[in-house]
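Here's the structure we're looking at; comments come further down.
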Amino acid sequence: MDTTVTTGTEDSVWGGGNRPLGASYGKLMMWFFIVSDALTFSGFLVSYGFSRFKFIETWPIADEVFTHVPFFHGNYPMYYVAFMTFILIMSSVTMVLAVDAGHKMKQNSVIIYMFLTIIGGAIFVGSQAWEWATFIKGDYGAVETKGGRILQFVNAETGERAALADFATTLPEERVKHLKSEGIWFEQEGYKTSFSLNEVVEGFKATPNILIRTETITEEGEKTLLNREESLAKLLDGTQVVEGANLIHNEYGSRLFADFFFFITGFHGFHVFSGVVINIIIFFNVILGTYERRGHYEMVEKVGLYWHFVDLVWVFVFTFFYLV
Amino acid sequence: MAHEHKLEIFRGLVKFKSNVQKIWGVLIFLTIVTAVEVALGITKPRFLTHNYFIGMKLLNWIFIVLTLVKAYYITWDFMHMRDEKSSLRRAVVWTPIFLVCYLIFILLFEADYIYNVFKDGFMAWNF
């Protein structure tokens with residue numbers, strides 16, 4: 001091409017050094033990654049919507065599932081998740097302040113803001129772990145029917161949920177956890193519940209003020225409460241006691257709810273965790289003065305993009321898992 | 001590398017003196033939006049849960065709109081999309097929006113169909 005006659009404009013187009021998007025290679029690649037990761041998360045959230053629309057009449061109500069706040073007893077729906085959201089937005093703010101300080105080449109401010117960002121991320125991951133532990137441990141306990149539906153118990157006088165321990169009797173029976181070594185090699189129980197089905201059924205018959213709540217949502221947006229006769233009849237469908245939630249059984253209702261909860265918040269939590277790790281690496285680089293010598297803090301900007309993206313995803317997870 | 005920041009939000013209604021001030025301003029706005037969401041989620045006003053728009057409760061529409069508002073300000077001010085060239089902005093924003101809208105459309109329609117099969121079909125699943 002050197003031999004051809006070129007005008008000035010052609011030179012500036014083909015001669016290299018063009019930046020049509022006005023962003024550096026590294027930032028552009030981070031944007032590409034964010035776009036593809038956003039599509040992955042959208043896939044997860046939309047498949048959650050798919051399952052929810054499929055079982056729209058029986059889906060668990062998030063307000064009744066996530067009601068706990070650490071160190072406090074009682075029913076506080078959503079406050080803790082709102083707190084977690086705020087922590088993540090706050091750490092986004094310290095991150096963008098670090099980026100801003102980086103533009104002004106203020107090393108010490110970048111160190112402080114990066115440190116605060118890492119702390120915020122760590123609090124969030126810790127809260128998420130606590131949320132998981134509470135969800136897995138369970139609240140009141142329930143009975144699962146032949147069709148895999150969940151029957152929960154309500155105190156007829158107060159209208160509040162009744163725990164299995166409130167009414168189940170203790171029968172003189174020995175219930176052993178079923179292990180692989182005791183039967184067919186592919187069958188075993190993950191955990192042993194604190195009451196057997198018999199104990200729950202007998203206790204239910206002996207306590208007249210306990211009613212059953214099914215998964216079906218009424219027009220008022222609440223779960224259907226059966227009367228005493230219906231409850232007694234419904235309880236005969238029960239096949240096992242469920243306490244807490246895992247990938248196969250879920251005392252809160254549809255098991256798909258638990259599956260998506262573990263999958264989506266887990267995948268997001270993993271992003272936060274890797275974000276914290278990357279932030280720590282950049283944090284040490286800032287302390288060592290790597291970017292001071294390089295003359296610019298673009299690495300902080302790039303990791304900042306990733307960190308804000310994690311926050312952005314949480315905004316959507318918060319809406320579709322906890323609010324809608 | 002966009003070193004100059006555009007300091008106006010709400011289409012020029014609010015203009016900040018420096019980038020740091022704008023960050024705090026956006027934080028306040030995002031906090032207010034989140035607080036509104038949580039307050040609505042806890043109180044669940046009756047006229048919002050009993051009125052529907054395109055098959056979904058008004059309350060849920062409000063949540064989704066507020067989420068998109070929050071997403072806009074996180075992307076535009078925290079990720080500095082406001083300061084990027086329009087070509088980069090459009091490439092990054094419209095591609096996922098188009099694909100996600102398409103995905104939402106096909107999957108939710110399919111889910112509603114399966115819901116009707118479960119409801120009207122001869123298969124018992126709620127036993």
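Here are some notes:
- Among the candidates A:ILE281, A:ILE210, residue that is modelled with pLDDT of 90 or more, among the hydrophobic types (A, V, I, L, M, F, W, C) and surrounded by 14 or more Cβ atoms within 10 Å (Cβ to Cβ): A:ILE210
- The one condition from (1) surrounded by 13 or more Cβ atoms within 10 Å (Cβ to Cβ); (2) of a type in the set (Ser, Thr, Tyr); (3) out of contact with any strand residue (DSSP E or B) (no Cβ under 8 Å at 6 or more places or on another chain); (4) closer than 28 Å to A:GLY253 by Cβ that A:THR170 does not meet is (1).
- The set of residues from the stretch A:31-47 being of a type in the set (Phe, Trp, Tyr) and either within 24 Å of A:PHE257 (Cβ to Cβ) or surrounded by fewer than 19 Cβ atoms within 10 Å (Cβ to Cβ) (or both) comprises A:PHE32, A:PHE33, A:PHE41, A:PHE44.
- Index of the failed condition, A:ARG294 passing every other in (1) more than 30 Å from B:HIS50 (Cβ to Cβ); (2) crowded, with 20+ Cβ neighbours inside 10 Å; (3) within 14 Å of chain B (Cβ to nearest Cβ): (2)
- One residue alone among A:ALA82, A:ALA122, A:ALA101, A:ALA38 is away from every other protein chain (no Cβ under 11 Å) and assigned to a helix (DSSP H, G or I), and that residue is A:ALA122.
- A:ILE61 passes every criterion in (1) under 21 Å from A:GLU160 (Cβ atoms); (2) touching a strand residue (DSSP E or B) at 6+ places or on another chain (Cβ under 9 Å); (3) buried (at least 17 other Cβ atoms within 10 Å of the Cβ) apart from (3).
- Set B:ILE64, B:ILE104: member being surrounded by fewer than 18 Cβ atoms within 10 Å (Cβ to Cβ), closer than 22 Å to A:TYR48 by Cβ, in contact with a strand residue (DSSP E or B) (Cβ under 9 Å, 6 or more places away or on another chain) and at the interface with another protein chain (Cβ under 8 Å from one of its Cβ atoms): B:ILE64
- Matching residues in the stretch A:180-214 - criterion: being under 17 Å from A:GLU251 (Cα atoms) and out of contact with any Asp or Glu (no Cβ under 8 Å at 6 or more places or on another chain): A:GLU189, A:GLY190, A:LYS192, A:PHE195, A:LEU197, A:VAL200, A:VAL201, A:LEU211, A:ARG213, A:THR214
- Within the stretch B:18-35, residues that are at the interface with chain A (Cβ under 7 Å from one of its Cβ atoms) have Cβ atoms under 9 Å from residues that are hydroxyl-bearing (Ser, Thr, Tyr) in these pairs: B:LEU27/A:SER92; B:LEU30/A:SER92; B:LEU30/B:TYR73; B:THR34/A:THR85, counting only partners at least 6 apart in sequence or on another chain.
- Members of the stretch B:39-61 that are surrounded by 17 or more Cβ atoms within 10 Å (Cβ to Cβ) and either among the basic types (Lys, Arg) or within 17 Å of A:ASP311 (Cα to Cα) (or both): B:LYS57
The values are calculated or read from the model by the stated rules, or taken from the named source; none is laboratory data. Only a predicted model underlies this, so the values are computations on that prediction, with no experimental measurement involved. Because the Cβ atoms are built from the backbone with ideal geometry, glycine has one as well, and the counts that use them run over all protein chains shown.
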